[in-house]
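Chemist: One structure is given below, represented as structure tokens, and several questions about it will come after.
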């Protein structure tokens, strides 16, 4: 098992700065946020080429990417509640689907 750092804690830094910090602190891995929006990884615009570049950059600091996280820790509760469908909106979607 490798000990990792969740890069979303440092969204105010460029991703390479976070890799350098993690490596300097003795971490062996990083967990990268895959939720939108995040400046560290644009999952919707990623390509194999960009993934290879990212992997090379991570490796240059002696790290691995242990996981991609789609959980919004560190985000404000208003961001979260805005994305959670209410009971009435779920009910309305069901009505709309049944009427078609």
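The values are calculated or read from the model by the stated rules, or taken from the named source; none is laboratory data. Since the structure is predicted, the reported quantities are computational estimates derived from the model, not experimental observations. No Cβ is skipped: glycine too gets one built from the backbone with ideal geometry, and neighbour counts run over all protein chains shown.
Chemist: Output yes when any residue across the range 74-94 is modelled with pLDDT of 90 or more and over 18 Å from the mean Cα position of the chain (by Cα), and no when none is. Walk me through it before giving the result.
Modeler: At the first step, the residues of the range 74-94 found to be modelled with pLDDT of 90 or more are none.
Taking every residue of the range 74-94 in turn, none turns out to be modelled with pLDDT of 90 or more and over 18 Å from the mean Cα position of the chain (by Cα).
Chemist: Hey, could you check the range 43-61 for residues that are part of a loop (DSSP other than H, G, I, E, B) and either surrounded by 12 or more Cβ atoms within 10 Å (Cβ to Cβ) or in contact with a strand residue (DSSP E or B) (Cβ under 6 Å, 6 or more places away or on another chain) (or both) and say which is modelled with the highest pLDDT? Before the answer, list the steps.
Modeler: Filtering the range 43-61 for residues part of a loop (DSSP other than H, G, I, E, B) gives 43-47, 61.
Those left that are additionally either surrounded by 12 or more Cβ atoms within 10 Å (Cβ to Cβ) or in contact with a strand residue (DSSP E or B) (Cβ under 6 Å, 6 or more places away or on another chain) (or both): 43, 46, 61.
Numbers: 43: 69, 46: 70, 61: 97.
Out of the qualifying residues, it is 61.
Chemist: Restricting to the range 31-59, count the residues that are in contact (Cβ under 8 Å) with a residue 12 or more places away in the chain and touching a helix residue (DSSP H, G or I) at 6+ places or on another chain (Cβ under 9 Å). Write out each step before concluding.
Modeler: Narrowing the range 31-59 to residues in contact (Cβ under 8 Å) with a residue 12 or more places away in the chain: 31-35, 38-41, 43, 54, 57-58.
Okay, now just the ones that are also touching a helix residue (DSSP H, G or I) at 6+ places or on another chain (Cβ under 9 Å), so 31-33, 35, 38-41, 54, 57-58.
Number of matching residues: 11.
Chemist: Just wondering, is there one or more residues in the range 6-14 that are surrounded by 13 or more Cβ atoms within 10 Å (Cβ to Cβ) and part of a strand (DSSP E or B)? Don't jump to the end; show me each part of the working.
Modeler: To start, the set of residues in the range 6-14 that are surrounded by 13 or more Cβ atoms within 10 Å (Cβ to Cβ) comprises 6-11, 13.
Of the ones still in play, those that are also part of a strand (DSSP E or B) are 6.
Yes, the range 6-14 contains a residue that is surrounded by 13 or more Cβ atoms within 10 Å (Cβ to Cβ) and part of a strand (DSSP E or B).
Chemist: Being more than 8 Å from the chain's Cα centre (by Cα), assigned to a loop (DSSP other than H, G, I, E, B) and within 23 Å of residue 3 (Cβ to Cβ) is the filter here, so list the residues in the range 28-42 that pass it.
Modeler: Of everything in the range 28-42, just one residue is more than 8 Å from the chain's Cα centre (by Cα), assigned to a loop (DSSP other than H, G, I, E, B) and within 23 Å of residue 3 (Cβ to Cβ), namely 28.
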